[in-house]
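Colleague: One structure is given below, represented as structure tokens, and several questions about it will come after.
The values are calculated or read from the model by the stated rules, or taken from the named source; none is laboratory data. No experiment lies behind these values; they were computed from the predicted model shown. Glycine also receives a Cβ, built like all others from the backbone with ideal geometry; neighbour counts cover every protein chain displayed.
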């Protein structure tokens, strides 16, 4: 009994300690973003005395963050929608046909989960230059789709198997074609997996730095992470501006997460454990 | 036959994008690793295994492989130990547990880039948060140049990666723990099992699927780490934090040695492949069905 109580006490201590370790750096970044350069000299732990909101507008202007925000939204939204459409469609026959070609195609998609992007990076650079897609959104969007498909096909295929086949058979008897059966009957049933994939793919793509670093270098086409990165060269050690940019760039996803946190936690949980 | 035609229309779009933008590039990566392509010169020669021979004699590559494995193994161990501990404390559906779960997940939402900046500031030697805090508690002796000391920097970087993603590992364990039926615990409790023996004999075997996922995923993520290192140290000081991803990027885009960089990518791919195979076979055996 004594051992049990001591364990409980230790566990709570670790939990509380980690909560503090998570909070402190974020809080300090927030404070720094609100300080003037003079206040910054007062040490990292000092509280901002007067809130310098102009850091945010300055970071917004200097980092051209309005443009990057729009770019990030356009790229993430189009890539995520296409991943979901393409993978839910492909997984449908793959999960239903008990033929060799279906299994082979399924494994073909799955093999993509083991491929590091670095392996494809150099040839992709050549391919996109040949297609004249460097600096255009289509390139990264297509790469994100290719990278996102394996896991999405995998999750959808597993989920289709839990949907009874009678549903689509009766739809066919009622004269519903295969495309309409998929679009208006099956796709809505996939909602749990769709929301998991929506969140996980948005997270990966929104925060990705590597692909834009290679393919979207120009000021007008860069995404949020590149825009934040641009502050290192130009404004060395202007921590207040860098952190203002970091906060502007992180806020959309953090807010989205706080709104959808319940679905997020359940989504990852069901997706990951089944996987 | 008509049904097969319809099936094709469902599969083809995904198949085409996946093949064109991932499979074909990967296969040509294998080919480029056998050439001296330098990115600028349109004339590329086939040089057989020369790149690989050079690679085995390149001390930078040996160093990068050691760093890659060190990062991957440390990340996997620490994230799983901490993630499982946090998850054990998160059991139940109370309000505090729900809030803490969200709290621990906030760093997961941030980009590795943003986190790299935040921690570069925390770690900075003279006016950094960590050293200032240590001094405030009278622990001046523990203050270090966390990223500038070549023996420490790799561990400082590993810690940042743990901080970033441990919430994700935790959530997967939380899900695994929730799937353990409560009557199993009750039965073990009635049989007089203590807390530790309950964990070892009941909980752990039943959460083995989450354990497999967490080990494999964290290992693969650990081998690939790029953004965090790129922003915080860019492989330095010296080459003390240079892993295969960073070396590969430098060889390809700073030195334009595309052929050589491709052979490094192949090595990285092999490491990932070998690890995932071993882990999937070794860990799957331990799982139990319930």
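Colleague: Exactly one of (1) more than 30 Å from residue A:144 (Cα to Cα); (2) within 14 Å of another protein chain (Cβ to nearest Cβ); (3) touching a residue at least 24 places away in the same chain (Cβ under 8 Å); (4) not in a loop (DSSP other than H, G, I, E, B) is unmet by residue A:10. Its number?
Modeller: (3)
Okay, residues lined up against (1) touching a residue at least 24 places away in the same chain (Cβ under 8 Å); (2) touching a helix residue (DSSP H, G or I) at 6+ places or on another chain (Cβ under 8 Å); (3) farther than 30 Å from residue A:181 by Cβ:
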{"position": "A:100", "(1), (2), (3)": "no, no, no"}
{"position": "A:105", "(1), (2), (3)": "no, yes, no"}
{"position": "A:116", "(1), (2), (3)": "no, yes, yes"}
{"position": "A:127", "(1), (2), (3)": "no, yes, yes"}
{"position": "A:134", "(1), (2), (3)": "yes, yes, yes"}
{"position": "A:137", "(1), (2), (3)": "yes, yes, yes"}
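Colleague: May I pose another question? Residue B:146 is checked against (1) modelled with pLDDT under 90; (2) assigned to a helix (DSSP H, G or I); (3) in contact with a helix residue (DSSP H, G or I) (Cβ under 6 Å, 6 or more places away or on another chain) and fails just one. What number does that condition carry?
Modeller: Against the list (1) modelled with pLDDT under 90; (2) assigned to a helix (DSSP H, G or I); (3) in contact with a helix residue (DSSP H, G or I) (Cβ under 6 Å, 6 or more places away or on another chain), residue B:146 comes up short only on (2).
Colleague: Of everything in segment B:231-252, what is closer than 19 Å to residue A:119 by Cα and crowded, with 21+ Cβ neighbours inside 10 Å? Give them in sequence order.
Modeller: Passing the criteria: B:242, B:243, B:244, B:245, B:246, B:247, B:248, B:249, B:251, B:252.
Colleague: Which number in (1) assigned to a helix (DSSP H, G or I); (2) away from chain B (no Cβ under 13 Å); (3) over 30 Å from residue A:264 (Cβ atoms) marks the one condition that residue A:172 misses?
Modeller: (2)
Colleague: Ok, one more. Taking residue B:119, is it in a helix (DSSP H, G or I), free of Cβ contacts under 8 Å to residues at least 60 places away in the same chain and at the interface with chain A (Cβ under 9 Å from one of its Cβ atoms)?
Modeller: So residue B:119 fails the test.
Colleague: Out of all the residues in segment B:149-180, which are more than 14 Å from every other protein chain (Cβ to nearest Cβ) and not in a helix (DSSP H, G or I)?
Modeller: B:149, B:150, B:151, B:152
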